[in-house]
């Protein structure tokens, strides 16, 4: 049992030492000189480029989403305005309203039926 506990203690101290040695390498910058890092440099650059592309795409998508929202808001306002104008126009284009306006201007409304002129071909 004492042998097993000794190996556990040494593995813990090795882990602590390795953690501190890694931390020391990070802080003093010697990790940049490691062979492993120089071998992984193309992959790291690739990951950085992918991250930049992802961020740029995300920003672009959010910008387009905001533009779409603004356009939808403007469109709903225009639809409401169009509906209001159509109601006013339908009210103003009624035959009785037109007849009353013409009477105020002293123009008489024709009560005779329209004359249809046809050519020789019947059109």
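Taken as a whole, the range 28-38 holds at least one residue that is outside any loop (DSSP other than H, G, I, E, B), modelled with pLDDT of 80 or more and either touching a helix residue (DSSP H, G or I) at 6+ places or on another chain (Cβ under 6 Å) or surrounded by 10 or more Cβ atoms within 10 Å (Cβ to Cβ) (or both). There is no residue in the range 79-100 that is part of a helix (DSSP H, G or I), within 19 Å of the chain's Cα centre (by Cα) and either surrounded by fewer than 10 Cβ atoms within 10 Å (Cβ to Cβ) or modelled with pLDDT of 90 or more (or both).
The values are calculated or read from the model by the stated rules, or taken from the named source; none is laboratory data. Quick caveat, the model's predicted, so the values are computed rather than measured. Counting neighbours? That spans all protein chains shown, and the Cβs are built from the backbone with ideal geometry, glycine included.
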